[in-house]
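A quick write-up on the structure given underneath.
None of the figures in this text is laboratory data; all of them are computed from the coordinates on show. Because the structure is a prediction, the values reported are computed rather than measured. Quick reminder, even Gly has a Cβ in these numbers, built from the backbone with ideal geometry, and neighbours come from all protein chains shown.
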Amino acid sequence: MVSPGGLRTSCKTEPTHSGRPLQSAVAAPVSRTMARGLGEMLKVLMLTPHLDVVGGTERQCLKLATALAHHGVETTILTMRPTEHSRANVPADIAITRLDSPGVWVRRMKRYLRAKRAISPNYSEGRAGVAGNQPSRSFLRELGSLVGHKIPTQIDEAFLERTITRLCSATDVVHLHGVFWLPMLRATARACRATNTPYLVKITNEPERTWRSLKADPAAVGALSTSSGIITVNKHTQGYFQCRFPHVPTHFIPNGTDIPTQSPVAPIRDVLFLGTLKKQKGVDVLMRAWAMTKCTDGHRLLIVGDGPERRALEDLARSLGIEPRVRFLGLRHDVDQLLARRRVFVLPSRWEGMPNALIEAMAHGLPCISTSVDGVTDVLDDGKSGLLVEPENPKALALALDRVLTDHAMASRLGGYARARVIQRFSILAIIKEYMQLYEKFLVRHPNPRLG
C-alpha cells in the first residue's frame, strides 16, 4: 500500500480512546522508523481559537482534521470555542480539547450572574460586555466585588503555554491555523521549543494586514521566525512572507474541499452569497449591484451568514428599494444543501486569503462571479471557470450578474469548468497528500523526545 506521503506502508488496526479502530501505517524507510518508532501512528496537534462552521479558517481546520483521521493520522484539536454543531460533525477519532482559561470561566460566571439577576439593574451589555476574547474591565471589577477576589483581566497566556506543552508530549507535529490570536502563536512557539516539537504556522488572511498586526509584537515575530515552516493559502502571501522570513521554509498549500455530487442542470433563479457579513466581504457593493441589475423578474438575492454589518446591510436594502428581492437567511448549517441547488454564486470581496465558500460553490458546479483579488485569482480563471470583476465596482458586478442570469449556456459552461478545476487542484484528497508529505519531512528533521 502507498501512503499519501508516497511511502510504501503496511497497515494494522489499533483501538482508539473511543473504542473505534483506526488504520495506522508503518513506513518501510529506515529514517522514518528510527525517528518515530516501529508501529507509531503519526500524531498531529491542531490549534485554532474558535471551532465553528462559518469561519473559513475553522472550516478548513475541521476538513483537514477529518481527512487526516481517515488517512490514519491521530489528530487532536485544541480550541476555545467548540460549538455543539462542530462537535457533532467531528469524527469520534478526533479528540477536541477545550481550552478552559480564566477568561472562559469569567464568561460562564457572567451568564450565571445575569440569569440570577445578581448584577445591578444599570448593567449594560455595551459597558460590561465581552470584547473579542477579553471580558471588559468594568465587568471584571463588578464581578470581583461580588465573588470577593481579584480576577485576571486577560487570558492567561502561561496557562495556554502549559496546556500546549502537555499536549506536545504526545504530538509529532503542531499545526497552528491562523495568526489572528497572537497569544496562541507566542505560547505555541515557547511550548514547542521547550519540547523540541516542530510547529507549522498557517497564514490565512491578507498578508499586509497580517504583517501589520505581527510587527507591532516582537515576540509574535520571533515566534514566526523560529517556526518549522509557514503555510500560505495563496501565492502572493507565500512570496510576501518569503521576503520577510527567508530562513523559514514557506509552503503554498491551497484550501481544499470535498467533491459533492454535481447539481442537476436547471434554470437559475437565485443569486447566492455565503460568508461573514463584514466589510471585507463587500456585501454592500453586491447590494448596490443588485439594485442596478436588469434581471428583476423572479430572481432573488440570498444572503447566508451573519456578522457585524447585518443591520446596516438590511437598512441599505430598504434604502435601495430592493428589500423584496433580498433575503437574509442568517447562519445556516445546511450549506451543502444550499449550494446543491442551481444558483449563481457571488463573492464581492475587498480582499481574501483563499475563500472556502468560493471553492465549495465551484465544486458543486455553480457559475461563480468574484473580484480580482489575491486568493481568488489563484482559484478562478476569468472567462473560463468564472467571471472576475474589479473590487468596489458595483456597475461591473451588475453587468456580470446580468450576463450569467440571461445566458444559460454560458452559466452551464462556467459551472462545468469550475467543477473540473476544483477536482483537478483543490480536492481535499489532493491537499491531504501535500500536508502528509510536509509532516513527514519534519518527523525526520525533528525526532520527538517522546519516541526516545
Charges only on Cβ, +1 for Lys and Arg, -1 for Asp and Glu: so what's the dipole of the range 270-425 about the Cα centre, in debye to the nearest 20? 260
Mind sorting I203, I303, I253 by how few other Cβ atoms lie within 10 Å of their own Cβ, fewest first? I253, I303, I203
Using only Cα positions of the range 240-329, each an equal point scatterer, no hydration layer, compute I(q)/I(0) via Debye at q = 0.19, 0.25 Å⁻¹ and quote the log10 values to two decimals. -0.91, -1.25
Modelling each spin label as a point 7 Å along the Cα-to-Cβ direction, I'd like the D336/L399 distance in nm, to one decimal. 3.9
Can you work out the FRET efficiency for the pair K441 and R162, with r the C-beta to C-beta distance and R0 = 30 Å, to the nearest 0.05? 0.60
With the charge dipole of the range 192-298 built from beta-carbon charges (+1 for Lys and Arg, -1 for Asp and Glu) about the Cα centre, the Cα from Q242, I230, L277 projecting farthest to the positive end belongs to Q242
K294 to L320: extension gain in nm, 0.36 nm per residue of separation minus the Cα-Cα distance? 7.9 nm
Per the charge dipole of the range 275-423 (beta-carbon charges, Lys/Arg positive, Asp/Glu negative, Cα centre), the residue among L405, V379, V304 reaching farthest to the positive end is L405
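Any of K43/K202; K43/K63; K215/K433 with alpha carbons more than 22 Å apart? Name them for me.
On the way: K43/K202 18 Å; K43/K63 17 Å; K215/K433 33 Å.
Too far apart for the 22 Å limit: K215/K433.
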Give the whole-number value, in cubic angstrom per residue, of the convex hull volume spanned by the C-alpha atoms of the range 166-224. 69
S225 paired with E208, simple spin-label distance in nm, labels 7 Å along Cα-to-beta-carbon: 2.4
Histogram of C-alpha separations across the range 270-425, 10 Å bin width, %: 12, 46, 37, 6, 0
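Determine the dipole magnitude for the range 178-301: charges of +1 sit on the beta-carbon of Lys and Arg, -1 on that of Asp and Glu, nothing else is charged, the reference point is the Cα centre, and the result goes in debye to the nearest 20. Kindly include the intermediate steps, with their values, before the conclusion.
On the way: 16 positive and 7 negative charges, 67 e Å.
With only Lys, Arg, Asp and Glu charged at Cβ, the dipole is about 320 debye.
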Compute the distance in nm between two label points, each set 7 Å from the Cα along the Cα-to-Cβ direction, one at M410 and one at R350. 2.9
